[in-house]
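The values are calculated or read from the model by the stated rules, or taken from the named source; none is laboratory data. What you see is a predicted model; the values in this text were computed from it and never measured. Note that each Cβ is placed from the backbone with ideal geometry, even for glycine, and that neighbours are counted across all protein chains shown.
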Amino acid sequence: MNKIIKYNNHSYELFIENIEIISKIKKIAHNLNDVYLNKEVVFIGILNGCIEVLEELVKHLHFKYKIEYIDLSSYVGTTQKKIIHKNDTMNTNLNGKNIILVDDIIDGGNTMKYSKKYIMKYNPRNVRVISLLLRKKTKSLCDWYGFEIKNKYVIGYGMDIDNLFRDLKDIYIQID
């Protein structure tokens with residue numbers, strides 16, 4: 001039986017279960033372990049959606065890393081708007097470092113393009129990207145991802161509407 005969540009005259013049904021999400025994140029972590037063994041990485045999470053993904057990812061890593069965050073917003077409700085750079089907490093010198101940006105979803109790609117451009121001004125060695133979800137049109141912006149999804153709104157596992165539903169352990173997709 002599919003669980004349905006209703007919010008603001010829309011319905012969302014179970015789309016990706018937590019066990020599948022964890023499995024994909026573990027696969028990404030194993031690949032990162034191969035690539036970055038004996039190297040240091042600075043993960044930069046794009047708030048707030050990255051938190052669930054990044055928290056699970058680092059449980060499975062076997063190399064040194066630091067974590068920083070940038071706070072960007074591009075949605076009001078389910079409508080994509082102009083990118084707002086609210087804040088960042090970066091205390092790490094990024095010059096010459098391996099940087100991995102982490103997000104929950106690369107939707108239209110604008111937030112990720114902005115993030116890469118912003119981080120490049122710190123002169124890193126390289127900038128790579130992890131996203132749990134992405135749309136087919138944004139695949140070129142991402143180095144590692146969990147799932148390619150259709151162009152429908154999703155909630156859960158860090159993804160929200162009006163800062164609600166981030167706490168869901170599964171991912172739900174809009175059905176109407």
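Listed by first and then second residue, the pairs linking a residue in the stretch 100-121 that is touching a residue at least 60 places away in the same chain (Cβ under 8 Å) and part of a helix (DSSP H, G or I) to a residue that is surrounded by fewer than 21 Cβ atoms within 10 Å (Cβ to Cβ) and hydroxyl-bearing (Ser, Thr, Tyr), with Cβ atoms under 8 Å apart and 6 or more places separating them unless they lie on different chains, are THR111/SER74. Only one of the numbered conditions (1) farther than 18 Å from ASN163 by Cα; (2) hydroxyl-bearing (Ser, Thr, Tyr); (3) touching an Asp or Glu at 6+ places or on another chain (Cβ under 9 Å) is violated by TYR114, and that is (3). Hey, any hits in the stretch 113-123 for a residue that's out of contact with any Gly (no Cβ under 9 Å at 6 or more places or on another chain), exposed (fewer than 12 other Cβ atoms within 10 Å of the Cβ) and over 19 Å from TYR69 (Cβ atoms)? The answer is no, given that none of the residues of the stretch 113-123 is out of contact with any Gly (no Cβ under 9 Å at 6 or more places or on another chain), exposed (fewer than 12 other Cβ atoms within 10 Å of the Cβ) and over 19 Å from TYR69 (Cβ atoms).
For the stretch 137-149, check the following and say yes or no: at least one residue is buried (at least 18 other Cβ atoms within 10 Å of the Cβ), more than 21 Å from ASN98 (Cα to Cα) and either hydroxyl-bearing (Ser, Thr, Tyr) or modelled with pLDDT under 95 (or both). The answer is yes, given that some residue of the stretch 137-149 is buried (at least 18 other Cβ atoms within 10 Å of the Cβ), more than 21 Å from ASN98 (Cα to Cα) and either hydroxyl-bearing (Ser, Thr, Tyr) or modelled with pLDDT under 95 (or both).
The set of residues in the stretch 14-73 that are modelled with pLDDT of 95 or more and on the phi > 0 side of the Ramachandran plot is empty. Here ASP167 meets each of (1) closer than 23 Å to TYR7 by Cβ; (2) in a helix (DSSP H, G or I); (3) free of Cβ contacts under 8 Å to residues at least 12 places away in the same chain with one exception, condition (2). Contact map, the stretch 37-66: residues that are more than 15 Å from ASP88 (Cα to Cα) and without any contact (Cβ under 8 Å) to a residue 60 or more places away in the chain paired with residues that are basic (Lys, Arg) and not in a loop (DSSP other than H, G, I, E, B), Cβ distance under 7 Å, separation 6+ or inter-chain. Pairs shown: HIS60/LYS26.
Note on the stretch 11-39: residues that are touching a strand residue (DSSP E or B) at 6+ places or on another chain (Cβ under 7 Å), exposed (fewer than 15 other Cβ atoms within 10 Å of the Cβ) and either of a type in the set (Asp, Glu) or within 27 Å of LEU72 (Cβ to Cβ) (or both) total 3.
For THR92, the requirement of being surrounded by 13 or more Cβ atoms within 10 Å (Cβ to Cβ), more than 17 Å from the chain's Cα centre (by Cα) and among the hydroxyl-bearing types (Ser, Thr, Tyr) is met. Considering the stretch 43-66, and only residues there that are β-branched (Val, Ile, Thr) and over 15 Å from ARG128 (Cβ atoms), the residue that is surrounded by the fewest Cβ atoms within 10 Å (Cβ to Cβ) turns out to be VAL58. Does LEU134 satisfy being of a type in the set (A, V, I, L, M) and either exposed (fewer than 12 other Cβ atoms within 10 Å of the Cβ) or within 13 Å of the chain's Cα centre (by Cα) (or both)? Spelling it out, LEU134 is indeed of a type in the set (A, V, I, L, M) and either exposed (fewer than 12 other Cβ atoms within 10 Å of the Cβ) or within 13 Å of the chain's Cα centre (by Cα) (or both).
Just to be sure, is ILE155 in a strand (DSSP E or B), in contact with a helix residue (DSSP H, G or I) (Cβ under 8 Å, 6 or more places away or on another chain) and surrounded by 19 or more Cβ atoms within 10 Å (Cβ to Cβ)? For ILE155, the condition - in a strand (DSSP E or B), in contact with a helix residue (DSSP H, G or I) (Cβ under 8 Å, 6 or more places away or on another chain) and surrounded by 19 or more Cβ atoms within 10 Å (Cβ to Cβ) - is not met.
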